[in-house]
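Novice: The structure that follows is given in the form of structure tokens.
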Amino acid sequence: MKRYTLHEPAGKIETHIDFKGSLNKDQYDVATRADGPCLVLAGAGSGKTQTLIYRLAYLLEKGIPPENILLMTFTNKAAREMRDRTEMLLRYSPKGLWSGTFHHVGNRSLRIYAEEVGYTRDFGILDQHDSRDLIKTCIKKMKTFAKDEKFPKPSVVQSIISLSTNISSSVEDTIEDRYPYFTKFGWEIKKIKEEYEKKKKESGNMDYDDLLSKWKWLLKNVPSVKKRFSEQFRYIMVDEYQDTNSIQADIVDILGSCHRNILAVGDDAQSIYSFRGAKVENILNFPKKFKDTKIFKLVTNYRSTPEILELANDSLLNNENQFHKELMAVNASIEKPALVKVKDPYSQARFISQRVIELKNEGIRLDDIAVLFRAHYQSAELEMELVKKGIPYVVRGGIRFFEQAHIKDVLAYMKVAINPLDEVAWIRALSLCPGIGPGYAEKIYLSFRSKDQTVHGFITGDLSKAMSKKAYSGFTRFRRIIERITASKNELSPGEMIRLILDEGYETHLLSSFENGKDRVEDIHELMSFSNEYATSSDFLSDITLRENFKGETFSTQNEDDDQLILSTIHQAKGLEWDSVILIGLCEGQFPHPKAMAEDAEMEEERRLFYVAVTRAKRYLYMIHPATRYDYQKGTVIAGSSRFLKELNKSGYEVWEVDSSASFFGRQNGHDDYDDFDDY
């Protein structure tokens with residue numbers, strides 16, 4: 001085996017890299033001409049990482065010392081990949097190069113100048129768990145609202161504080177904008193943040209957000225620090241610039257203030273993380289900030305077919321705030337994307353299962369097929385169908401719909417009502433109550449078993465003397481829910497039972513306990529809609545419980561553990577690609593999401609999310625619109641097609657009709673009837 005040692009050669013670097021032969025014209029221009037403030041608009045699948053690596057290699061080859069170059073990424077994985085690929089290209093390791101995530105570089109800078117921000121150089125860094133524990137300590141000092149059951153849990157307070165820091169907003173404004181259901185606690189949470197900042201300082205610790213906010217403060221308020229770093233970094237390269245928040249953008253501006261060689265690489269069309277604090281305005285306004293900005297466009301796409309790219313280009317035409325560009329394919333034509341018309345989410349699930357099996361039989365691996373959705377709850381019917389059909393699948397970046405904690409919590413309450421002897425259900429539901437742990441929950445269950453009473457009779461009895469004051473206080477939530485769902489002499493429908501569980505305290509628990517509490521409530525609403533197919537709560541629980549035991553015909557794969565169908569939210573899918581993509585639930589009010597309806601900026605981000613989804617596909621793209629869906633409040637409703645479908649040029653896709661059983665499907669010859677599809 002031939003081996004070689006990575007080393008740093010002395011003097012000018014001579015790598016003899018074939019820049020022109022390795023890059024297309026647009027990439028080559030970036031690699032060799034990106035001096036001064038430069039904005040690289042890198043379209044999906046256009047070789048952005050390759051371009052950055054060759055730009056770095058070009059600078060090193062021209063004699064720029066590694067310590068004078070700063071490369072910032074958004075993930076450690078991206079940073080490692082760029083370092084590894086650069087070393088492979090150069091055949092040596094450029095020692096002294098500053099590279100890594102914003103937080104990594106911030107930590108490195110603060111270690112040098114810690115005294116300037118009131119810390120020692122060996123300051124500690126709180127991880128998410130430690131930060132949450134410290135906030136919990138601060139909350140205990142609050143004597144009033146903090147005892148309210150609607151007051152947010154430490155993890156939610158942590159999210160509020162973190163977001164307010166990253167978007168450079170006050171706690172009160174952040175709550176009003178993002179967490180309106182906590183408005184009455186704004187003053188309390190502000191005081192908690194102040195106490196949290198004090199305790200971090202006293203303990204010599206910073207959290208992840210401090211690595212950015214204190215770094216920015218250092219650069220803005222200590223002239224010698226600004227001078228040192230702005231002079232040192234002759235060239236600054238920032239990956240995924242469209243995902244920067246206000247602090248990160250300010251840091252880049254300050255660091256680049258001396259030499260002004262800032263290379264911002266990103267794609268405004270893929271800015272989809274405003275909920276994390278990302279500001280699309282950072283990339284849109286870059287040329288306004290730097291009047292002499294050079295703008296490069298990477299539009300040659302090496303991923304998708306021409307038909308998919310034509311549809312992707314078309315999808316963004318209704319966004320006003322954007323840099324217009326058209327992706328161009330190098331791959332050969334195959335077939336147009338398909339708009340698949342199905343009756344409802346159940347026929348959608350049957351169609352997907354059938355199509356996945358057909359694609360598998362055509363030689364496409366399951367793990368090269370992805371089903372993408374706007375929200376996790378849209379996968380409920382599909383997951384049940386995949387289990388029945390024996391199709392192995394994995395949920396990317398999450399867990400299966402029915403295995404999520406909040407879904408299992410609701411099912412536990414239902415099981416206590418339907419099957420009072422279910423000890424596991426009792427313990428899970430009781431353990432959700434403040435002051436009741438698993439051990440105490442078991443004692444309560446055993447007390448019930450020892451008495452000849454119904455569940456309703458037991459929980460409405462006087463149990464105050466049998467429990468500690470703290471445990472009994474927590475028990476009242478459990479009692480309130482169980483009392484309502486067992487009060488009727490007749491068994492409630494599953495939808496009615498779930499509605500009562502939400503109304504009697506579980507919705508409050510979700511909103512106060514989880515940063516994404518609203519999304520979890522949406523999941524429960526979808527569970528209610530899903531349950532409409534079942535005549536009784538007993539049938540519903542039996543089917544859900546047995547779902548993992550369905551014995552569908554599982555077709556063989558080379559490795560069942562590896563070859564699994566991918567299910568993913570679109571947010572989780574960004575940066576990934578698959579041979580075939582199935583985009584589901586394209587109904588108005590589901591995608592785009594209802595919360596985006598009132599604001600133009602939010603609607604434009606939803607449209608970018610649609611663009612990200614379709615550009616994940618290499619060869620085959622299926623966009624599915626269920627014509628009806630069940631709403632737990634309104635019953636069966638017509639599901640209007642997503643505006644993102646209506647905005648597309650009809651010549652850019654085929655329409656497929658699916659019968660109610662999804663046993664066959666056929667292409668339509670024309671699109672004349674699509675305008676009336678909302679009445680399908």
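The values are calculated or read from the model by the stated rules, or taken from the named source; none is laboratory data. Every value quoted in this text rests on a predicted model; they were computed, and no experiment measured them. Glycine gets a Cβ as well: all are built from the backbone with ideal geometry, and neighbour counts include every protein chain shown. Only protein heavy atoms, including side chains, enter the accessible area calculation; ligands, DNA and RNA are left aside. Shrake-Rupley method; radii C 1.70, N 1.55, O 1.52, S 1.80 Å.
Novice: Only Lys, Arg, Asp and Glu count, each charged at its Cβ (+1, +1, -1, -1), so figure out the dipole size of the chain about its Cα centre, rounded to 20 debye.
Specialist: 2720 debye
Novice: Given segment 411-544, what count of lysine pairs have C-alpha atoms under 20 Å apart, with each pair 8 or more places apart or on different chains?
Specialist: Summing the qualifying lysine pairs gives 8.
Novice: Counting only residues 5 or more places away or on other chains, whose amide H sits under 5 Å from the amide H of C587 once H atoms are built in the peptide plane?
Specialist: Under 5 Å from the amide H of C587: S642.
Novice: Still on this model: Per residue of segment 574-587, in order, report the coupling 6.51 cos²θ - 1.76 cosθ + 1.60 (Karplus, θ = phi - 60°) as ³J(HN,Hα) in whole Hz, putting x for Gly and Pro.
Specialist: 4, x, 10, 8, 9, 4, 10, 10, 10, 9, 10, x, 7, 10
Novice: Using a 1.4 angstrom probe on the protein heavy atoms only, line up K140, K191 by accessible area, largest first.
Specialist: If we order K140, K191 from most to least accessible, we get K140, K191.
Novice: Still on this structure: Could you state the accessible area per residue of the chain in Å², with a 1.4 Å probe and every protein chain left in place?
Specialist: 44 Å²
Novice: Calculate what fraction, in whole %, of the accessible area of the chain sits on carbon and sulfur atoms when a 1.4 Å probe is rolled over the protein chains.
Specialist: About 47 percent, which is the carbon plus sulfur part of the accessible surface.
Novice: So for the chain, taking the charge dipole from beta-carbon charges (+1 Lys/Arg, -1 Asp/Glu), which of A601, L583, L134 sits furthest toward the positive end?
Specialist: In the chain, that residue is L134.
Novice: Counting DSSP beta bridges with both partners in the chain, what percentage is antiparallel, nearest 5?
Specialist: Taking every DSSP beta bridge with both residues in the chain, the antiparallel ones total about 15 percent.
Novice: How high is the relative contact order of the chain, given as a whole-number percent (alpha carbon pairs under 8 Å, six or more residues apart)?
Specialist: The normalised contact order for the chain reaches 17 percent.
Novice: Could you tell me which of rounded, prolate or oblate describes segment 270-381, using a ≥ b ≥ c as the square roots of the eigenvalues of the alpha-carbon gyration tensor, with rounded for a/c under 1.5 and, failing that, prolate when a/b is larger than b/c and oblate otherwise?
Specialist: prolate
Novice: Another question, then. Let me cross-check T305: its accessible surface, 1.4 Å probe, with only protein heavy atoms counted, in Å² to the nearest 10?
Specialist: Spelled out: T305, probe radius 1.4 Å, area about 0 Å².
Novice: Between N331 and E533, take the C-beta separation as r, use R0 = 41 Å, and let me know the FRET efficiency to the nearest 0.05.
Specialist: The computed FRET efficiency comes out at 0.50.
Novice: Around V40, which amide H atoms from residues at least 5 apart in sequence, or from another chain, sit under 5 Å from its own amide H, with H modelled in the peptide plane?
Specialist: Amide H to amide H, under 5 Å and 5 or more residues apart or across chains, V40 pairs with A264, V265, G266, F296.
Novice: OK, next. [x] 0.96; [y] 1.10; [z] 1.00: which one is Rg/Rh (Cα atoms, Kirkwood Rh) as calculated from this entry?
Specialist: From the options [x] 0.96; [y] 1.10; [z] 1.00, the structure gives [z].
Novice: While we're on this one: Run the 1.4 Å probe and let me know the accessible area of M528, rounded to the nearest 10 Å².
Specialist: 10 Å²
Novice: Would you list R350, R91, R33 from the most to the least accessible area, probe 1.4 Å?
Specialist: Highest to lowest solvent-accessible surface, that is R91, R33, R350.
Novice: Sum -39500 (n - 2.57) across every DSSP H segment of at least 4 residues in the chain, then divide by the residue count to get the 222 nm mean residue ellipticity, nearest 500.
Specialist: -13500 deg cm²/dmol
Novice: Explain nothing, just the number: relative contact order of segment 570-669, from Cα pairs under 8 Å at least 6 residues apart, as a whole percent.
Specialist: Rounded, it is 30 percent for segment 570-669.
Novice: Through the Karplus equation 6.51 cos²θ - 1.76 cosθ + 1.60, θ set to phi - 60°, convert the phi angles of segment 617-633 into ³J(HN,Hα) values in whole Hz; use x for Gly and Pro.
Specialist: 8, 8, 10, 10, 9, 10, 10, 10, 10, x, 6, 9, 8, 9, 10, 5, 9
Novice: Give the separation of the Cα centroids, segment 366-403 to segment 219-295, in Å.
Specialist: One Cα centre to the other: 38 Å.
Novice: On to the next question. With each label point set 7 Å from Cα along the Cα-Cβ vector, what nm distance links E87 and D148?
Specialist: Computed distance between label sites E87 and D148 equals 5.4 nm.
Novice: Let a ≥ b ≥ c be the square roots of the eigenvalues of the Cα gyration tensor of segment 238-306; is it rounded (a/c under 1.5), or, if not, prolate (a/b larger than b/c) or oblate?
Specialist: oblate
Novice: Also, I was wondering about something else. If R₀ is 51 angstrom, what is the calculated FRET efficiency for the pair S468 and Q633, using the beta carbon separation as r and rounding to 0.05?
Specialist: 0.80
Novice: I've got another one for you. Got the relative contact order for segment 53-119 handy, in percent, Cα pairs under 8 Å and 6 or more residues apart?
Specialist: 38 percent
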